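Have a look at the structure below before the remarks.
The values are calculated or read from the model by the stated rules, or taken from the named source; none is laboratory data. The structure presented is a predicted model; accordingly, all values stated were derived computationally and were not measured. Backbone-built Cβ (ideal geometry, glycine too); neighbour counts: all protein chains shown.
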Amino acid sequence: MGKIKSGILGGFNGKVGNVIGFAWKGRAVMRGIAQSVHDPKTEKQQLARERFKMILALCDLIGFENLGGGLKAAGNALKKRITAGNEFVKLNYGAITGNELGNLAVSYGDVAVSKGKCPGVILRGNVTSDDPGAAHIAWINNAGQAGTSDADVVKILAVDPEQEVTSVFSSNRSVGSVDLDLPGFMTGHAVHFYVYCISVDGSKVSNSVYAGKVTIA
């Protein structure tokens, strides 16, 4: 049974009749219980469910802890009350390609792991892997552009879909290039790389840039 602790207009927790009350992000929320569920399981509906399932799996693969710093959820969550995970789903729905059940795929080049107005780095070509267990990424140091700084943090995500693992690396805008010492288990696997920046004070992030896919030597 639900309990109303703040009067007739206050929030409550639990079930009262056909209404459920609960707290979500500090707000009192009420939701009606559906009397019946129409679930025809049409091909179109199943396709939408499969697409959504793949987006959630991709979100889990990249990791909520990385999205929290990468997606501009800090500002969006306060203004729109959108979590980093929800923002990821909204941004990347179109990254799941295909129109037939069993034939959907992730277009990793279209995946966004960060969104914001801070200028990102300009890559000097795609990621390479010439040395065993390593990957090389280079960029132009554009410090000074729109208030950016040499000390801005550059985040690099290495995503290995086959093994369902992600590694995260940090550098600085002024460095210009980095040789990543990847986990040994990524050797011989195709890995996707994403790069984005965070301002020195942590208040701004950039849009992510896809640095390409490479098989680790």
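Taking the range 201-213 as the range and being farther than 19 Å from residue 122 by Cβ and surrounded by 15 or more Cβ atoms within 10 Å (Cβ to Cβ) as the test, only 213 passes.
Rundown of residues vs (1) closer than 20 Å to residue 59 by Cα; (2) in contact (Cβ under 8 Å) with a residue 12 or more places away in the chain; (3) touching a His at 6+ places or on another chain (Cβ under 9 Å), yes/no style:
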| residue | (1), (2), (3) |
| --- | --- |
| 163 | yes, yes, yes |
| 182 | no, yes, no |
| 195 | yes, yes, no |
| 200 | no, yes, no |
| 205 | yes, yes, no |
| 208 | yes, yes, no |
| 212 | yes, yes, yes |
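Here residue 70 fulfils each of the conditions (1) at pLDDT 85 or above; (2) outside the structural domain of residue 194 (by TED's automatic domain parsing); (3) of a type outside the set (Lys, Arg) apart from (1).
Confirm whether residue 143 is surrounded by fewer than 17 Cβ atoms within 10 Å (Cβ to Cβ) and among the aliphatic types (A, V, I, L, M).
Details: surrounded by fewer than 17 Cβ atoms within 10 Å (Cβ to Cβ): yes; among the aliphatic types (A, V, I, L, M): yes.
It is true that residue 143 is surrounded by fewer than 17 Cβ atoms within 10 Å (Cβ to Cβ) and among the aliphatic types (A, V, I, L, M).
Being among the small types (Gly, Ala, Ser), under 28 Å from residue 185 (Cβ atoms) and either in a helix (DSSP H, G or I) or touching a strand residue (DSSP E or B) at 6+ places or on another chain (Cβ under 9 Å) (or both) narrows it down to one residue among 94, 120, 85; which is it? Explain how you work it out, then say what you get.
Details: 94 fails: under 28 Å from residue 185 (Cβ atoms); 120 fails: under 28 Å from residue 185 (Cβ atoms).
Selected residue: 85, the only one of 94, 120, 85 that is among the small types (Gly, Ala, Ser), under 28 Å from residue 185 (Cβ atoms) and either in a helix (DSSP H, G or I) or touching a strand residue (DSSP E or B) at 6+ places or on another chain (Cβ under 9 Å) (or both).
For the range 183-217, filtering for residues that are assigned to a loop (DSSP other than H, G, I, E, B) and within 25 Å of residue 115 (Cα to Cα) leaves 8.
Within the range 129-147, the set of residues being under 13 Å from residue 188 (Cα atoms) and either hydroxyl-bearing (Ser, Thr, Tyr) or in contact with a Lys or Arg (Cβ under 8 Å, 6 or more places away or on another chain) (or both) comprises just one member, 129. Per the conditions (1) in a helix (DSSP H, G or I); (2) without any contact (Cβ under 8 Å) to a residue 24 or more places away in the chain; (3) not acidic (Asp, Glu), the sole criterion not satisfied by residue 103 is (1). Among the residues of this structure, residue 135 does not count as one that is out of contact with any Ser or Thr (no Cβ under 6 Å at 6 or more places or on another chain), within 25 Å of residue 107 (Cα to Cα) and either in a loop (DSSP other than H, G, I, E, B) or of a type in the set (Gly, Ala, Ser) (or both). What are the residues in the range 138-161 that are assigned to a strand (DSSP E or B) and under 23 Å from the mean Cα position of the chain (by Cα), if any? If the condition is that a residue be assigned to a strand (DSSP E or B) and under 23 Å from the mean Cα position of the chain (by Cα), then 138, 139, 153, 154, 155, 156, 157, 158, 159, 160 are the ones that fit.
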